[in-house]
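To start, the structure under review is shown below, and the notes come after it.
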Amino acid sequence: MMTKSKLLILLTLLTLPIMMSAQDKLFTLEDLNFGGNNYRSMQPKNMWLTWWGDQLVQTDVEECYTIDTNTGERKVLFTLAQINQWIGSDDNRYVRHLMNVTFPYPDQPIVLVGNRHAMLLVNFKKHQIVWQDSISGQTAYDWNKVSRATAYVEDHQLYVADGQGQKHQITTDGSREIVYGQSVHRNEFGINKGTFWSPDGQHLAFYRMDQSMVTDYPQVDIFHRSASYEPDKYPMAGETSHKVTVGIYHLQTRKTVYLQAGAPTDRYFTNIAWSPDGNTIYMFELNRDQNDCRLVSYQAATGEKIAELYRETSDKYVEPLHPILFLPWDSNLFLMQSQRDGYNHLYIYNKEGKMVKQLTSGAFVIQEVLGFNEKLKSIIVTSNEAGTIQHNNYLVNVKTGKRTLLDNGRGSHHAVLSESGQWFYDNYTEPDVPRNIDMVNTKTRKSLRLLTADDPWQGYEQPIFECGTIKAADEATDLYYRMVKPHNFDPAKKYPTIIYVYGGPHAHNVEASWHWQSRSWETYMAQKGYILFILDNRGSENRGRDFEQATFRQLGQIEMQDQMKGVDFLRTLPYVDTQRLGVHGWSFGGFMTITLMLNHPDVFKVGVAGGPVIDWKWYEVMYGERYMDTPQTNPDGYAKSSLLSKAKNLKGKLQIITGYNDNTVVPQHCLSFLDACIKAGTQPDFFTYPGEEHNMRGHASVHLHERITQYFEDYLK
């Protein structure tokens, strides 16, 4: 007969596996990596939203709902089945989901829908198509909602289809070497497209890039019976670069003029903007040294230069990233962004180029201009004024300069304004908040909660996420770090520790978002018994001009000094095993990984460097010369940052990984470093992903991160 105590023990043993499986599930890379099969279900719940004027619309797979601004009540606006019924769908028209639809006219019941073959405007009150355009086989698609004209590229030529569907061929000499209507300067200076409609849709500004003089980099496609040559135009630092000009096509006259900006050799043209009346075009013009920036206006009708409105110079570099924006209530005034006082701030200028006022100032960065509220004569922006590693929304009064916080003052907020600027929806996270979505009135600051996402990791062994600061190598500047510890962390134990690093400009790793913006691979490694340490060194973004420009002409040096201050900090922690330090990073982080291992070979036992820059003379002109000048003018800086001469210093285990067809950090970097190691007698490991570019896509990313993990498991644990 079983006693009561024995029965209790048996029941405890029987329920233990159930409790463990419910409370202590382990992550896999299929859960955590964006290419994983279960990744989506492990992300915080989200909503897809868009504005129809000041009416908020939820766009789902099969329905669109309006959301009441006072109550949050949802009502079906139309369904996917209705849309396909109204447009009489055939294979070319059939709409597969409603998640990406938009409502271009705030006062009309019209929705823009489409697929890979066609774009259509549908009146969802009258249940009929009001406009359609075939986009099959086209690239660089750019539609104007006023004229309903479409610019696109087909077979290298730039075309415009007017609102009636009549097709106009603008160019005839387009080719791989003469590129029209697409982004230029390798997407630097904030450029992400190559066509720019005037507000009324009657004039189209476009880029023409002549890269016939640029050297081909010999990329190869191996996925054929015989591998084929697929060269990529790649202007390297100090070498001959391409030439860009800007044309304007006039729909009414069907004529093209080019801006009379002077010789395009060794110049950059960026941040194209139009005046509200469409008669004037504005452009920032930058010399090749990137230390002399000018805002210039041109006549749209003739291309003639009108005036130079603004000039900014620097002993390092000026980096224009934002086009000017005219105030919607005063077409004589425009908003301009500049770092000239040390931080990115807003300035008001008139059309004659006279500064009316500096609108914002202080030791914080304006991160984004979201738009305007014309009724309040105000601008809505995102900045880090409330916290260095935060993103918060503010209303800025143009007359007084007063800034009003529009959110809770915590976390990382990403807002989208309504047409009038009266409302915005705010998708935000905090270190312990997976996601909230609020609808906010910009005048009253009243908010309505639309979504509170549960923790999708509930029931899993979650690591411990921490954030703090240490001093930089200058002993004065605060640097932010993130630390990720195992779920069952024991301060009496010693843990192998991996430093994850990026360190370059226009990026940051530590943010006051969910888990302090921790990468999911860090969770995977913490689960395996590692501590992860991530530090934003000087040279990274959102800390002001001087913080980022501290690395000028000597990439890798200041960054390395700051990262080693992080190592000094780790040495003070009794639970960090400093005999088992690893380092990992990708791209600039790959460069930093190898830099750290070769300059401090006795500190780092294992490293994994992905897509690493090895020598900046092989990197592209715009980025490379901005931060390093040319190899001809800065030979010492290039020599100091080059990793080739240091290949002999390698002591620890180093794995280098690259995409075989990387067109950002071309394979010449990795292959040249391998050659240097062969000559020096050192032994790195090397792995490449055929057909992949700078970052691994799809499920290849899961394979990549398993490979990175296994390398540390083999040699660091």
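At-a-glance table
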item	result
Positions within the range 402-459 being among the charged types (D, E, K, R), assigned to a strand (DSSP E or B) and open to solvent by less than 50 Å² (accessible area, probe 1.4 Å), in sequence order	Asp426, Glu430, Arg435, Asp438
The range 91-119, subset of a type in the set (S, T, N, Q) and modelled with pLDDT of 90 or more, residue most open to solvent (accessible area, probe 1.4 Å)	Asn100
Members of the range 206-224 that are among the hydrophobic types (A, V, I, L, M, F, W, C) and either modelled with pLDDT under 95 or open to solvent by less than 30 Å² (accessible area, probe 1.4 Å) (or both)	Phe206, Met209, Val214
Of the criteria (1) part of a helix (DSSP H, G or I); (2) open to solvent by less than 30 Å² (accessible area, probe 1.4 Å); (3) touching a strand residue (DSSP E or B) at 6+ places or on another chain (Cβ under 9 Å), which one Gly691 fails	(1)
Filter result for Leu77 (outside any loop (DSSP other than H, G, I, E, B), more than 25 Å from Pro434 (Cα to Cα), open to solvent by less than 60 Å² (accessible area, probe 1.4 Å) and modelled with pLDDT of 90 or more)	yes
Filtered residues of the range 297-327 (kept if in a loop (DSSP other than H, G, I, E, B) and within 24 Å of His250 (Cα to Cα))	Ala300, Ala301, Thr302, Gly303, Glu304, Pro323, Ile324
Scope the range 217-257; condition among the hydroxyl-bearing types (Ser, Thr, Tyr) and part of a strand (DSSP E or B); matching residues	Tyr217, Ser228, Tyr229, Thr245, Tyr249, Thr256
Total residues in the range 274-306, condition open to solvent by less than 30 Å² (accessible area, probe 1.4 Å), without any contact (Cβ under 8 Å) to a residue 60 or more places away in the chain and not polar (S, T, N, Q)	9
Of residues in the range 589-626 being open to solvent by 20 Å² or more (accessible area, probe 1.4 Å) and of a type in the set (A, V, I, L, M, F, W, C), the one farthest from Pro505 (Cα to Cα)	Val603
Selection from the range 183-193 of residues that are out of contact with any helix residue (DSSP H, G or I) (no Cβ under 9 Å at 6 or more places or on another chain) and surrounded by 20 or more Cβ atoms within 10 Å (Cβ to Cβ)	Val184
Residue satisfying all of: in the range 138-168; open to solvent by 50 Å² or more (accessible area, probe 1.4 Å) and β-branched (Val, Ile, Thr); modelled with the lowest pLDDT among these	Thr139
Yes/no for Val396 being touching a strand residue (DSSP E or B) at 6+ places or on another chain (Cβ under 7 Å), assigned to a strand (DSSP E or B) and either open to solvent by 50 Å² or more (accessible area, probe 1.4 Å) or over 20 Å from Met336 (Cα atoms) (or both)	no
The range 120-130, subset in a strand (DSSP E or B) and surrounded by 17 or more Cβ atoms within 10 Å (Cβ to Cβ), residue farthest from the chain's Cα centre (by Cα)	Val122
Which listed residue is in a loop (DSSP other than H, G, I, E, B) and either under 22 Å from Tyr234 (Cβ atoms) or touching a Phe, Trp or Tyr at 6+ places or on another chain (Cβ under 9 Å) (or both), from Phe196, Phe189, Phe206	Phe189
Hits in the range 627-639 (condition: part of a helix (DSSP H, G or I) and under 18 Å from Pro505 (Cβ atoms))	Tyr627, Met628, Gly637, Tyr638
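Residue-by-condition table, conditions (1) open to solvent by less than 30 Å² (accessible area, probe 1.4 Å); (2) touching a residue at least 12 places away in the same chain (Cβ under 8 Å):
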site: Leu204; (1), (2): yes, yes
site: Ser226; (1), (2): no, no
site: Pro235; (1), (2): yes, yes
site: Thr245; (1), (2): no, yes
site: His250; (1), (2): yes, yes
site: Val257; (1), (2): no, yes
site: Gln260; (1), (2): no, yes
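Rundown of residues vs (1) more than 23 Å from His600 (Cβ to Cβ); (2) open to solvent by 10 Å² or more (accessible area, probe 1.4 Å), yes/no style:
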residue	(1), (2)
Gly659	yes, no
Lys679	no, yes
Phe686	no, yes
Asn695	yes, yes
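The values are calculated or read from the model by the stated rules, or taken from the named source; none is laboratory data. What you see is a predicted model, and the numbers here were worked out from it, not measured in a lab. Here Cβ is always computed from backbone atoms with ideal geometry, including for glycine, and neighbour counts include all displayed protein chains. All accessible areas refer to the heavy atoms of the entire protein, side chains included, with ligands and DNA or RNA removed. Shrake-Rupley method; radii C 1.70, N 1.55, O 1.52, S 1.80 Å.
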